[in-house]
Structures are given as C-alpha cells and as structure tokens.
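Peer 1: There's a structure below that I have some questions on.
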Amino acid sequence: MIPDQYKSFTGELWNLVFPRRCAVCRSDATPDGYAEICEDCKSGISPQMGSACLVCGEPIDGSLSTAGIVRCGRCRIKMPPFDKTVFALRYEGTVRSLIHRFKFGGRKGLAGAVIAPMLCARLQRGLEMDRVDLVVPIPLHRARLLKRGFNQSYLLAREIGTTFSLETSTDIIFRKKDTAAQFRQTRAQRWANIRNAFRLYGSEKLKGKRLLLVDDIMTTGATMFEAARILKKGGAKSIACAVAARAAKS
C-alpha cells in the first residue's frame, strides 16, 4: 500500500505543477471548501430566497404569499401538467456563470461537487421524496448529446437518484426534435420551439408512476411543460420538477 504521507506529498506536488482553477472565475481554487470553485465564488452562490410560486417557481409578491396565495397568476389561470417545482438557486450573477461552465464548459464535476448537493438539500426540505418513484432527466437530442458529450440534466438526476436511493430512468422519454437553443429566443418563440419535441419510448414503465423531472435551468417553463405533458399523457400519476436554477423573469 502507498503510505499516506506519500499520497499527501504527491497531491501537493500535483497541485503545485497543475493548480486547480476555479470553474467560475478561473483563479486558483483554495484547498478547502468546494473542490471546483474558489471561496469568493462560493460566497456569491446563495440559496434561492423570497416568495415563489409553488407550482412553477415564478417569483410572487411576498404579501400574496403571506395571504396564503402560493401560485402565480399564470398557474392560477391554468395549471401546468406538473404539480410542483423545487429549485436550488436563482439564475443570475455567479450562478449564471456556474451553470454555463457546467453546461457549456465541460465542467461535469460541478454536478456532484456543487450543484446537485444544493438541489438535493432543497428537495429534502421542499418535497416528499419517499413519494417519488422515478427520477427522469430532460433528454437531449442525440445530435446535441454527441456534440456536448454529456447530458447535464442526467448528471444532476443521477446524483439525486443516488442521494435518495431512487431509480434514474433514461428509457421513458426521448427528444425527437433537435430544437434551437432556448436561451436565444423570446417567450413565445420558446414555446413554439419546444412544442412536440418529445416522444415516449413506451408507456409500460410509466403508468401510475410518480416522477421527478430534472433539468438544469428553468426560464419560461416551456421545456418542463412540454415534457410533463407527454409524460402525463403516457400515464404518469404525478410529476414534480427539480431544477438547479430558476430565472427570476420568464
């Protein structure tokens, strides 16, 4: 066996020659705290605060929440095909940079080291996880998956499944349309873009199941809405959404 003091020396030597860089600001990451980000960036990442719609996560006025109104205007007019949204962070500032590094910068380690633990903590407080049967990530189209090399939603879903001892399923729903990137589009364009983008592999595994649908970012909710619509149509009993970051304005 390799002595512990030798492991410590080689680790320190490796960090000296190849210093860890913060995934967000690219500065040297400190040995303590999160392994993927520095302490300054860590301090800029705070859990979501303020009142939010329990269904879609849209911010709502605190006075409404105090009065017992827990749904936003849109969800009061028409309930989406999912029942609740739990999110860890607001998609702004340092969080935006963090998610972009994870999603577009190939920093897959951020899923297990930083993002998923925060989301799991929120799920522990905000959802009855013993009432979830399956964890389902929002799928990528195969062309996007080949280009990026990984599905960021699956990485988060896998961590959630491991944390709560739940099955993570990728054989229920797939993305049949290689849709344009949602973040470049208006609200109306996003909804039109994602319409009929998903299809079920089969409904046998789905019928009567209580699902946790996972994605990295939620802005208008169009992607979650469309995926949940197809899953409900296929026989899902209930659907809750889990997202790493929720945009304040949709």
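Peer 1: At a probe size of 1.4 Å, how large is the accessible area of D130, to the nearest 10 Å²?
Peer 2: We get 130 Å² for D130.
Peer 1: How large is the translational diffusion coefficient of the stretch 168-228 in µm² per second when you combine the Kirkwood radius over alpha carbon pairs with Stokes-Einstein at 4 °C and 1.567 mPa s?
Peer 2: 102
Peer 1: At 1.4 Å probe size, with every protein chain present, just tell me what the per residue accessible area of the stretch 142-250 comes to in Å².
Peer 2: 48
Peer 1: Percent of accessible area on the chain owned by carbon and sulfur, 1.4 Å probe?
Peer 2: Percent of accessible area from carbon and sulfur atoms in the chain: 53.
Peer 1: Kindly identify the stretch 107-250 as rounded, prolate or oblate by the Cα gyration tensor criterion: order the square roots of the eigenvalues as a ≥ b ≥ c, call it rounded if a/c is under 1.5, otherwise compare a/b with b/c, prolate if a/b is larger, else oblate.
Peer 2: Rounded.
Peer 1: A follow-up question, please. If I stretch the segment between D28 and A181 completely, what's the gain in nm (0.36 nm per residue apart, minus their alpha carbon distance), one decimal?
Peer 2: Extending this stretch completely gives an extra 51.9 nm.
Peer 1: Could you tell me the relative contact order of the chain? Use alpha-carbon pairs under 8 Å, at least six residues apart, and round to a whole percent.
Peer 2: Here the relative contact order equals 21 percent.
Peer 1: In nm, what is the difference between 0.36 nm times the number of residues separating A121 and N196 and their Cα-Cα distance?
Peer 2: Length gained, A121 through N196: 23.7 nm.
Peer 1: While we're here: Name the shape class, rounded, prolate or oblate, that the alpha-carbon gyration tensor gives for the stretch 82-183, where a ≥ b ≥ c are the square roots of its eigenvalues, rounded holds for a/c under 1.5, and otherwise prolate holds if a/b is larger than b/c and oblate otherwise.
Peer 2: oblate
Peer 1: Please compare each pair in K147/K207; K205/K249; K176/K237; K177/K233; K177/K232 to a cut-off of 26 Å on the Cα-Cα distance and tell me which ones are over it.
Peer 2: Violating the 26 Å limit, Cα to Cα: K147/K207; K205/K249.
Peer 1: Show that you can apply the helix-only estimate: for the chain, add -39,500 (n - 2.57) for every DSSP H stretch of four or more residues, divide by all residues, and state [θ] at 222 nm to the nearest 500.
Peer 2: The helix-only estimate for the chain comes to -10500 deg cm²/dmol at 222 nm.
Peer 1: From largest accessible area down, sort K84, K147; use a 1.4 Å probe on the protein chains.
Peer 2: Correct descending sequence by accessible area is K147, K84.
Peer 1: Here's another thing I want to ask about it. Would you list F225, F198 from the most to the least accessible area, probe 1.4 Å?
Peer 2: Solvent-accessible surface, decreasing: F225, F198.
Peer 1: Taking 8 Å as the Cα distance limit and 6 or more residues as the minimum spacing, I'd like the relative contact order of the stretch 53-156 as a percentage.
Peer 2: Computed over the stretch 53-156, the figure is 24 percent.
Peer 1: Taking amide H positions as placed 1.01 Å from N in the peptide plane, with prolines and chain starts having none, which residues 5 or more places from V86, or on another chain, fall under 5 Å of its amide H?
Peer 2: Answer set, sorted by chain and number: C241, A242, V243.
Peer 1: Shifting gears a bit: Could you give the length gained on full extension between K108 and R71, defined as 0.36 nm per residue of separation minus the Cα-Cα distance, in nm?
Peer 2: Full-extension gain reported as 9.9 nm.
Peer 1: With 22 Å as the cut-off, how large is the P(r) tail for the stretch 53-130, expressed as percent of Cα-Cα pairs?
Peer 2: Value for the stretch 53-130 (Cα pairs over 22 Å): 39 percent.
Peer 1: What number comes out for accessible area per residue over the stretch 76-116 if the probe is 1.4 Å? Units Å², please.
Peer 2: Heavy-atom accessible area per residue stands at 44 Å².
Peer 1: Here's another thing I want to ask about it. Enter the accessible area of C53 (Å², nearest 10), with the probe set to 1.4 Å and all protein chains included.
Peer 2: Counting only protein heavy atoms, C53 exposes about 0 Å² to solvent.
Peer 1: Net charge near F82, counting Lys/Arg +1 and Asp/Glu -1 over other residues with Cβ under 10 Å of its Cβ?
Peer 2: Net charge around F82: +2.
The values are calculated or read from the model by the stated rules, or taken from the named source; none is laboratory data. Worth saying up front: this structure is predicted, and the values here are computed from it rather than measured. Cβ coordinates were reconstructed from backbone atoms using ideal geometry, including for glycine residues, and neighbour counts include every protein chain displayed. Accessible surface is based on the protein model in full, side chains and every heavy atom, while ligands, DNA and RNA are left aside. Shrake-Rupley method; radii C 1.70, N 1.55, O 1.52, S 1.80 Å.
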